[in-house]
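Before any comments, here is the structure.
The values are calculated or read from the model by the stated rules, or taken from the named source; none is laboratory data. Fair warning: this is a prediction, and the values are worked out from it, not measured in the lab. Every residue, glycine among them, receives a Cβ derived from its backbone with ideal geometry; neighbour counts consider all protein chains shown.
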Amino acid sequence: MLDKKFILEYPDVVQKNCDVRGAKADVHRFVQLETECRLMQQQVEELSRKANVVSKSIGVAKDDAERDQRKEEGRTLREQKEQLQEAIDRLTAEARAIYRSLPNLTHPEAPIGAEDHAREIRRGGPEVRKFSFPVLDHVVLAEQHDLIDFEGGARVAGNGFYFLKNEGALLELALQQFVMQFLVGEGFVPTITPDLARAEILQGIGFIPRGPETQIYSVENFDLNLVATAEITLGGLYSGEVLEMEKLPLKMCGVSHCFRTEAGAAGRASRGLYRVHQFTKVEMFAFTLPEQSEAMHQYFCDLECKIFDGLGIPYRVIDTATGDLGGPAYRKFDLEAWMPGRGKAGEYGEVTSTSNCTDYQARRLNIRYKTRGEKGTHLVHTLNGTAVAISRALIAILENYQQPDGSIIIPEVLRKWVGKERIGATEE
RNA sequence: GGUCGGGUGGCAGAGUGGUCGAAUGCACCGGUCUUGAAAACCGGCGAACCUCCGGGUUCCCUGGGUUCGAAUCCCAGCCCGACCGCCA
């Protein structure tokens, strides 16, 4: 959520921001409602004040007759107040709906426009390989080496679920280990988070738990939802808390399973592991002072690059265009890995993303910090970034490391956890 | 899942119908003292919103209810603790 004061002061800026981000919202209607409510609220407060005065006078009234008269007076005042309050509540409901739909402000350097206006800002990892043999995609490779059982997944849980098997399972654990060790070395607090969370927390982070378009699985008869990312649980960890300034910036990383209904995603390129209902992810999260968030965002982006450098996978980084930013993000960088088996002749596919959400999530979740010697509290900034999304990382590894003899080399950094150098090694 | 006990300011903790937005302690801030620090002493110290800058309204887990008036009473929910049951 945005700062209400800011909206009232600069409605045109906010409206323009909504427009470039493709968010339909009538900011001026909001300002009008808000202004009206404030006037009415003042009247309510005046009635409350009078009623409070009356109530206090009853305790010290000298006789019953006076007491009864005052009681009647108090009753009347509070009735009036309630009627007025009901009118305010109606207007407030409309205002709140607009308010909640407003996206975060946008970084001035973020490219303006729809998805295809994203700007490439960086390339990394090794050169894209020239293959001297027909390239297979990860689905075929996984089939050949019995690494993923999509059929079994479908039998048990439906389309979009799968079993990781053999080196597929070991690779998942290896990727978790590699990334967790790396992040601990960078000063992150390692965590394993709940895979379910309350609706309130989901909403605070910016997810909509129920409704026809929801990406979220919810649990019947409970106020619980399967998380779509550990961003939800890590961000929710300190909801309602006041953090000490000295502890900021606070960097956490968390392993969780991620569940997504992928409603409305039908038809989008989604062969194999690319778009699935469940995967494991290591997520980075940071709580920072406002002046630290920009640098932290660059840092998160650097870490994501280092992880893919370490895995030896070619990638590029893009600065996401305004029209493609989620509501809470102020700016977002996506890291796209080269997937040789994707599309006709290989394509880049998104494997990680990092967002600076400034105070947007913190305001909803009420996460603040206190400055020593200063009155009051301030909202922290929150950032998130994928360290590794296992399913998509697997695609990149299998497809980039396939060999002419059909085997798949295991990236060096993962070997100590997988326990071998190669999947399907040919007999020598 | 059951029974009992709890949920109050950054923390601890008092407060069972009206002068309570809330004692006290710790922490924190300012000052005195000191070469400096500590100790001691003095003072300050919750938040949001509105304001004609006098002040006002709201907030004691959440949501309802009783009452002229609720931190305090009633109902429901959530959470925490103890014990019991069940279980990886």
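Residues in region A:344-394 that are touching an Asp or Glu at 6+ places or on another chain (Cβ under 8 Å), closer than 30 Å to A:ARG422 by Cα and β-branched (Val, Ile, Thr): A:VAL351, A:THR352, A:THR386, A:ILE390. Hey, among A:THR229, A:THR233, which residue is within 16 Å of RNA strand B (Cβ to nearest atom), in contact (Cβ under 8 Å) with a residue 12 or more places away in the chain and either surrounded by 22 or more Cβ atoms within 10 Å (Cβ to Cβ) or closer than 24 Å to A:GLU304 by Cβ (or both)? Matching residue, one of A:THR229, A:THR233: A:THR233.
Whether any residue in region A:3-10 is within 13 Å of RNA strand B (Cβ to nearest atom) and hydroxyl-bearing (Ser, Thr, Tyr) is what I want to check. Break it down stepwise before answering.
Step one: list which residues in region A:3-10 are within 13 Å of RNA strand B (Cβ to nearest atom), which gives A:3-9.
Retained after the next criterion (residues that are hydroxyl-bearing (Ser, Thr, Tyr)): none.
No - not one qualifying residue is present in region A:3-10.
Taken together, the residues in region A:377-409 that are surrounded by fewer than 21 Cβ atoms within 10 Å (Cβ to Cβ), within 31 Å of the chain's Cα centre (by Cα) and over 30 Å from A:ALA362 (Cα atoms) amount to 1.
A Cβ distance below 6 Å, combined with a sequence gap of six or more or placement on separate chains, defines the contacts here; from region A:140-151, residues that are closer than 16 Å to A:ILE397 by Cβ reach residues that are in a helix (DSSP H, G or I) and of a type in the set (A, V, I, L, M, F, W, C) in the pairs A:LEU141/A:LEU398; A:ILE148/A:ALA142. Considering A:ARG29, A:ARG119, A:ARG21, the condition of being surrounded by 12 or more Cβ atoms within 10 Å (Cβ to Cβ), at pLDDT 90 or above and assigned by TED's automatic domain parsing to the domain that holds A:ASP319 is satisfied by A:ARG119 alone.
Table: residues versus (1) surrounded by fewer than 17 Cβ atoms within 10 Å (Cβ to Cβ); (2) among the aromatic types (Phe, Trp, Tyr); (3) not assigned by TED's automatic domain parsing to the domain that holds A:TYR330.
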| position | (1), (2), (3) |
| --- | --- |
| A:HIS107 | no, no, yes |
| A:ALA110 | no, no, yes |
| A:GLU127 | yes, no, no |
| A:LYS130 | yes, no, no |
| A:LEU141 | no, no, no |
| A:GLU151 | yes, no, no |
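Does A:ILE201 qualify as being part of a loop (DSSP other than H, G, I, E, B) and buried (at least 21 other Cβ atoms within 10 Å of the Cβ)? No: the conditions fail for A:ILE201. Only one entry in A:VAL60, A:VAL139, A:VAL128 is farther than 30 Å from A:TYR330 by Cβ, of a type in the set (Val, Ile, Thr) and within 14 Å of RNA strand B (Cβ to nearest atom), namely A:VAL60.
Can A:THR371 be described as over 22 Å from A:PRO190 (Cα atoms) and crowded, with 22+ Cβ neighbours inside 10 Å? Before the answer, list the steps.
On the way: over 22 Å from A:PRO190 (Cα atoms): yes; crowded, with 22+ Cβ neighbours inside 10 Å: no.
For A:THR371, the condition - over 22 Å from A:PRO190 (Cα atoms) and crowded, with 22+ Cβ neighbours inside 10 Å - is not met.
Before we move on, is A:VAL54 in contact with a Gly (Cβ under 6 Å, 6 or more places away or on another chain) and within 14 Å of RNA strand B (Cβ to nearest atom)? Spelling it out, A:VAL54 is indeed in contact with a Gly (Cβ under 6 Å, 6 or more places away or on another chain) and within 14 Å of RNA strand B (Cβ to nearest atom). As a summary of the residue check, A:GLU94 satisfies the conditions (1) surrounded by 13 or more Cβ atoms within 10 Å (Cβ to Cβ); (2) among the acidic types (Asp, Glu); (3) farther than 30 Å from A:LEU2 by Cβ except for the one numbered (3). For A:GLY125, the conditions (1) under 23 Å from A:GLU347 (Cβ atoms); (2) at pLDDT 90 or above are fulfilled apart from (2). When A:LEU84, A:LEU39 are checked against the criterion of being closer than 30 Å to A:PRO11 by Cβ, loosely packed, with under 12 Cβ neighbours inside 10 Å and more than 7 Å from RNA strand B (Cβ to nearest atom), A:LEU39 stands alone in meeting it.
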